[in-house]
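The block underneath contains the structure these notes are about, expressed in structure tokens.
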Amino acid sequence: MLAEWIVSERQALRVLGERRDDETRRDRRDRLIATVLYAAGLRVSELCGLKWRDLRERGEAGQVTVLGKGGRTRAVLLPAVVWAELIELRSDAGDEAPVFTSRKAAGHLTPFHVNRIVKAQAKRAGLRVVMSPHFLRHSHATHSMENGAPIHLVSATLGHASVATTGKYLHARPSESSSKVHREVGFEAPQRQVVVSGADVDGVDFATASRPRPPAGG
């Protein structure tokens, strides 16, 4: 069932983690892999195929252009905090270099390796749930709509050919609501802009919410 492929917003944010003073370049890469998968709702194959030429600055933030299924291209804006960390990760890499590289071959990571990285991130966060890149994508869709994002926006962000496909997430967790999620997590999700076919539309940005304020009394 689709509901079994969706983790709570609190669990997703724990997988993203926070930047640490003793963080290595590999640690940062792994954290940003989870962050970009969740914040942009990417398929694992789309993330693995990213090159630096696919990313460009957009004001204080950044934009990632994704080639999805059926050769359909979509562009999604990344929050300023995520964009800044990606630029730091890039260092002096050229436009044709992979965004997320393998430690050994310095080439593109494979979906197999990204799956292992996401599982390791979940384990490091102390989560006792099975985690995968696709879980983060499914969770992005559900959490976005729970927090008020219109279905057509979520559909365009995920690269779905039909809104009917996205509609499945509306029924995945009917007992949940955005207000309940906000009470549990202790933050209000800010907004971001997603570029769809040249038009700017509002969406929910979970990446900038990766450091939630602690609940009152906590």
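The values are calculated or read from the model by the stated rules, or taken from the named source; none is laboratory data. The model shown is predicted, which means the values in this text are computed figures rather than measured ones. Neighbour counts are summed over all protein chains in view; Cβ atoms, including those assigned to glycine, are modelled from backbone coordinates with ideal geometry.
Scan the range 96-133 for residues that are surrounded by fewer than 11 Cβ atoms within 10 Å (Cβ to Cβ), touching a Lys or Arg at 6+ places or on another chain (Cβ under 7 Å) and more than 22 Å from ARG19 (Cα to Cα) and jot them down.
The one that is surrounded by fewer than 11 Cβ atoms within 10 Å (Cβ to Cβ), touching a Lys or Arg at 6+ places or on another chain (Cβ under 7 Å) and more than 22 Å from ARG19 (Cα to Cα): GLU96.
Of all residues in the range 113-141 being among the hydrophobic types (A, V, I, L, M, F, W, C) and assigned to a helix (DSSP H, G or I), which is nearest to GLU46 (Cα to Cα)?
The selected residue is VAL114.
If a residue has to be assigned to a helix (DSSP H, G or I) and either of a type in the set (Lys, Arg) or at pLDDT 80 or above (or both) to count, how many in the range 164-193 make the cut?
3
Looking at LEU86, LEU47, LEU67, LEU37 in this structure, which one is under 28 Å from ASN147 (Cα atoms), surrounded by fewer than 17 Cβ atoms within 10 Å (Cβ to Cβ) and aliphatic (A, V, I, L, M)?
Result: LEU67 is the single residue among LEU86, LEU47, LEU67, LEU37 that is under 28 Å from ASN147 (Cα atoms), surrounded by fewer than 17 Cβ atoms within 10 Å (Cβ to Cβ) and aliphatic (A, V, I, L, M).
Where the second residue is part of a helix (DSSP H, G or I) and surrounded by 14 or more Cβ atoms within 10 Å (Cβ to Cβ) and the first is basic (Lys, Arg) and lies in the range 103-120, which pairs have Cβ atoms under 9 Å and are six or more apart or on separate chains?
From residues that are basic (Lys, Arg), the pairs are ARG103/ARG29.
Quick check: anything in the range 10-18 assigned to a loop (DSSP other than H, G, I, E, B), under 18 Å from ALA120 (Cα atoms), among the aliphatic types (A, V, I, L, M) and modelled with pLDDT under 90?
Scanning the range 10-18 turns up no residue that is assigned to a loop (DSSP other than H, G, I, E, B), under 18 Å from ALA120 (Cα atoms), among the aliphatic types (A, V, I, L, M) and modelled with pLDDT under 90.
For the range 126-169, name all the residues that are within 22 Å of PHE112 (Cβ to Cβ) and among the polar types (S, T, N, Q).
The answer is SER132, SER139.
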